[in-house]
Every structure is written in C-alpha cells, then in structure tokens.
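Encoded as structure tokens, the structure appears first; notes follow it.
Laboratory data are not the source of any read-out in this text; all were calculated from the coordinates shown. Values in this document were obtained by computation on a predicted structure and should not be read as measured data. Here the Cβ is made from the backbone with ideal geometry for all residues, glycine too, and neighbour counts use every protein chain on show.
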Amino acid sequence: MANAEDNAIQHQQALKQALIDLIRTEISAAGGQLAFDRFMDLALYAPGLGYYVAGAAKLGPEGDFVTAPEISPLFARCLAVACREVLSQIKQQHSGSNGSNNDPAGKGAVPSSGADLLELGAGTGALAAELLASLAAQGPLPERYLILEPSPDLAARQRQTLARRVPELLARCHWLDRLPDRFDGIVIANEVLDAMPVNRFQIGGAGQVQEVCVATDGQGFSDCLSESASPALQQAVLALQADGLATQPGYCSEINLRLAPWTQALGRMLGTGLLLVIDYGYPRTELYLAERNQGTLMCHSRHQAQGDPYRDIGLQDLTAHIDFSALAEAGIAAGLTVAGYTTQANFLIGCGIDALIAEAAADPMAMLELTAGAKQLLLPSLMGERFQVMGLSRGLNDLLLSGFSVRDLSARL
Ligand SMILES: C[S@@+](CC[C@H](N)C(=O)[O-])C[C@H]1O[C@@H](n2cnc3c(N)ncnc32)[C@H](O)[C@@H]1O
C-alpha cells in the first residue's frame, strides 16, 4: 500500500517537473517572459501534464475542491426545472414543424429531438447524471445529452458516473470534441469560465498599463512586469478606466480576454435556446472595486485556497472571478438576449428548492442531508451570493424562467 502511494507521489512529481520544463522552454522561446494566460493554459491544460488533464482526482471530497453538483443533488434538480421550462418551450415552438436539427453534433450519426442539452466542462458527471435522472422521472427527457470536455481524464470519469448512475440513459450521452455547428436547447456551464485562462495587469506609477507576465526564477517562476501590454489587454484596461475603474497606480487585477470569443462561438451555435452560466463573479463595477486591488486569482489544492500560482504547478487549480457585465455584453454582441441575472440563492429558490427538499419529508435522514446541502448552496456566507447565474437566450419568446423570477439583478450589470 505504502509502495503504491510512493509510486503515485513519484509519478505526480515527475509530471510536475515535466510541466515546469515545458513552461520554462516556452518562456525561453518567447524571449524570457510569457503572458499569464499562456502560463495558466499550460498549468491547467497542457496535454498529459496540466492540472485538468493529468489524472489527479481534482473534484470531490477526495480531490481539491467541491462544486455545487457534488455538494447536493438539489442543485441538479433545480437546474432540471429550468431545463424543463426551456425544452418544453422549444418543443412547443417546434411543434407543427419537423423540428429536427441538421446534424448538430457534426458527427452525422445521432438523431435529434430538436431540443437537447449540452454541458460544457462536466467535471465528474455528477450534474449530468442527476439532471438526466430528474428529467427522466418527470420529463421531458432530451433526446441527447452532449458533453464538451477538454480533459480526457474527466471525460472518462463522466462516462463512469453516468454508466453507474443512469445506465439506461447512457446511450443518450455523447462526448464532442468541438462545438456543434448548430444547437437548439439548453447549454450549461457551471464553474467553467472561472477555469479559463486570464491575462493579468497592473497600473504603473505614471498610470500606464503594465502586463503581469511570468518569468523563470531559480527552479520556479515569478511575476515580471512588461511595460508593453498586449494591444488587446491595453484596450480592455483602458475601457475599464473609461468607466472610472482600475485607475490607481499599483492596482492589479486580471481580465478574461477569451470570454468574448467563447460567447461568440456559443452565440453562433445557438439556434433556439438558452446558455446558462453559473459561476463566482460580479458585475464589472464590483469586480474592479478600488479595494479589490489584488484581483481575484486564486489557487485550490486539497480544499485549501491560496494566492501563489507558481506553487505546486500542475497540482493545483487556478481560477479567477467572472466579469458578468462582460459576459452580458459579449452575449448581446453575439445576438443573444440577457434572459436573467441573479444570485445562485435566488435562482435555486425560484426553481423551488424548498419544494424539492419537502419531497423527501417521509425520510428524515434524507431530509437532513438535503437541508445541509441546501444551506451550503443558499447561504450568503457560503455559495448563495458569491455564485451568480446568467441566462443568455435566443428565440424563446420572452420566456421568464422561474429561476429568474425571484429577483433579477440585470440592472446592476
Ligand atoms: C471547475 S471544473 C467544473 C466542473 C463541473 N462543471 C462542476 O461543476 O463540477 C471546470 C471544468 O471546465 C472544463 N473546461 C475548461 N475549459 C473549458 C472549455 N473551454 N470548454 C468546456 N469545458 C472547459 C474543465 O475541464 C473542467 O471539467
């Protein structure tokens, strides 16, 4: 047993060293410094080596962090309410027409009901399994549950979870290697955007925009300041400053420059349906508050959070909060409508989390377990307010989702 553990540790250390060597080679090839988003890309997603692809447990109690679908099945059951509303609306709109997609998976083989589910970054598959189980119990069941997962390791774990939890529905699940050309239905991204590589900046003494890059430092890495920020970063920071944000010398934060292209790609793909993004973040004016002058970059390992991205490379998760105003703007630019924006607590309450707990009334132990999970999902001091939900839709005829009916915070964007 001890030997197996030693071997696992040695294997991890070898992967970590190989990843460090890879990053050092890139830094050297780039002339001594690397933009932070490229560093984060490699640390998280370098083939075979990055945090999300190298085989460690990552999510769940035995991993580094726990996400809402892992905390309680109530999260998926609430999202099932939103899915039901969207799928029913689309099916209703399509009734009378033949309602079929033109090979939305881009793979030619899978028939479609015209309204499906697509989960981006499905983690352990816990959300997919519970969501499918819930939709199977009460309908409507999407004909297909598509998953786009860049990590082969997590995709394998998702398959195992689904095979164990909902074997009769496994045939409906399909793993994609790229977005479909066209998709009608509901797209879910829970804690995906926070795992997207970001660029970091600092405001210099003379008010100039500096890019915080990565340089080698002994055997490891450290921040280094570049006086010539990339044009895209420069432009994004100047746009913040035009709104009176991120102006003080020394102010340091990060920007997700990949968010807009990501949203645009989803906007091009979405025919009729909803993109539901759940993540930690704020409207722009709150994300770039003067007091938040060190940004929100955070690293997670073994359920501990710390701020040094250069520690335990490849063995810790790196994340940053979402700018929900940027997401709304990118969605609108992509021809989508903001269907709602609220806190996770409001969303889950709107979906009827209390009634879902009450369904377990006959089983006191199950009821207790659900109540404990609900506390974590809802309390403002835990996930209730830090996590927020945004819906971006197209062609849903002003459908008001129950999740957004309690309190819409779109005016804060
Ligand atoms: C923090 S985990 C969240 C997993 C899961 N959604 C959950 O809530 O448990 C981030 C997930 O997003 C995936 N991911 C990262 N970038 C992605 C992208 N551009 N498209 C789809 N998935 C992505 C990762 O591989 C990982 O599965």
(Q) I'd like the antiparallel share, as a percent to the nearest 5, of DSSP beta bridges with both residues in the chain. (A) 60
Q. Going by how many other Cβ atoms sit within 10 Å of their own, how do L132, L245 line up, fewest first?
A. L245, L132
Q) Taking the chain as a whole, which cysteines find no other cysteine Cβ under 4.7 angstrom from their Cβ? A) C83, C173, C213, C224, C252, C299
Q: Determine, from the Cβ-Cβ distance of A372 and S228 and an R0 of 45 Å, the FRET efficiency 1/(1 + (r/R0)^6), rounded to the nearest 0.05.
A: 0.30
Q) How would you rank L79, L257, going from fewest to most other Cβ atoms within 10 Å of each one's own Cβ? A) L257, L79
Q) Over the chain, what number does the Rg to Rh ratio reach, with both radii from the alpha-carbon atoms and Rh per Kirkwood? A) 0.97
Q. Where does the chain land at 222 nm, in deg cm²/dmol rounded to the nearest 500, when only DSSP H runs of n ≥ 4 count, each adding -39500 (n - 2.57), divided by all residues?
A. -11500 deg cm²/dmol
(Q) What distance in nm lies between label points placed 7 Å from Cα along the C-beta direction at N3 and R311? (A) 3.4
Q) Contour minus end-to-end for T25 and H303, with contour as 0.36 nm per residue of separation and end-to-end as the Cα-Cα distance? A) 97.0 nm
Q. So what's the net charge close to M390: Lys and Arg +1, Asp and Glu -1, counting the other residues with Cβ under 12 Å from its Cβ?
A. -3
(Q) With a cap of 14 neighbouring Cβ atoms within 10 Å, and only residues DSSP puts in a loop, list the GluC sites (Glu not before Pro) found in the stretch 15-83. (A) E62
Q) Roughly how many whole Å is it from the C-alpha centroid of the stretch 209-228 to that of the stretch 118-132? A) 37
Q: Would you mind ranking I147, I332 so that the residue whose beta carbon has the fewest other beta carbons within 10 Å leads the list?
A: I332, I147
Q) If you put +1 on each Lys and Arg Cβ and -1 on each Asp and Glu Cβ, how big is the dipole of the chain around its Cα centre, in Debye rounded to 20? A) 680
